[in-house]
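Asks: After the structure tokens below, expect a handful of questions from me.
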Amino acid sequence: MALKSKKEEKEVKGAREVRKIREESRQHKINPSLTFAVFLIILMLLIGTIVFHYNEGWDWVDSFYVSGLTVTTLGHEGLAPTRDSTKLFTVFYVIITFGLFLYSVHIIASSIIKRELQLLSLLTKRRR
């Protein structure tokens, strides 16, 4: 009978630990660097969309589309700037936003990996 109760206690303790780990993983803490990275991406897309819309006279969807393709350096053959001012803007836009985009992707990926490593570390510590 004593063995059975120890086994039951161990199972109950294990279940509590699993619940605690799940609860800790559900807590959403706002990471300032992650918020900044998302803000940067939105800002880059917004600036490009506005400039392309007003300088080229494209509709908002086309402007956003070109802005997104330009930021990610995917490129396209459909829409291309026709005005010299927009062409100059696009050159500097690519140079500046490509670096900021890579930086933002790095921050987002790092925070995801960091969170996963924290959960893994928590799990391994509790199993010892």
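Asks: What's the total number of residues in region 68-94 that are surrounded by 13 or more Cβ atoms within 10 Å (Cβ to Cβ), more than 16 Å from the chain's Cα centre (by Cα) and either among the charged types (D, E, K, R) or part of a helix (DSSP H, G or I) (or both)?
Replies: Matching residues across region 68-94 total 7.
Asks: Please tell me if SER63 is within 30 Å of LEU120 (Cα to Cα) and not β-branched (Val, Ile, Thr).
Replies: When the stated conditions are applied, SER63 does not pass them.
Asks: State all residues of region 72-128 that are modelled with pLDDT of 90 or more and basic (Lys, Arg); if no residue qualifies, say none.
Replies: Of everything in region 72-128, those that are modelled with pLDDT of 90 or more and basic (Lys, Arg) turn out to be ARG83, LYS87.
Asks: If you go through region 16-67, how many residues are part of a helix (DSSP H, G or I), at pLDDT 75 or above and either at positive phi or surrounded by fewer than 16 Cβ atoms within 10 Å (Cβ to Cβ) (or both)?
Replies: 13
Asks: Something else about it: Go through the residues of region 95-109 one by one and say whether even a single one is part of a helix (DSSP H, G or I), out of contact with any Ser or Thr (no Cβ under 7 Å at 6 or more places or on another chain), over 30 Å from LEU123 (Cβ atoms) and in contact (Cβ under 8 Å) with a residue 60 or more places away in the chain.
Replies: Yes, region 95-109 has at least one match.
Asks: Considering region 95-116 alone, what residues qualify as being hydrophobic (A, V, I, L, M, F, W, C) and either loosely packed, with under 14 Cβ neighbours inside 10 Å or closer than 17 Å to GLY75 by Cβ (or both)?
Replies: Selection gives ILE95, ILE96, PHE98, PHE101, LEU102, VAL105, ALA109, ILE112, ILE113.
Asks: Output yes when any residue across region 86-105 is out of contact with any Pro (no Cβ under 9 Å at 6 or more places or on another chain) and among the charged types (D, E, K, R), and no when none is.
Replies: Within region 86-105, not a single residue is out of contact with any Pro (no Cβ under 9 Å at 6 or more places or on another chain) and among the charged types (D, E, K, R).
The values are calculated or read from the model by the stated rules, or taken from the named source; none is laboratory data. As the structure is a computational prediction, the values presented were derived from the model and not from experiment. Please note: Cβ atoms are built from the backbone with ideal geometry, for glycine as well, and neighbour counts cover all protein chains shown.
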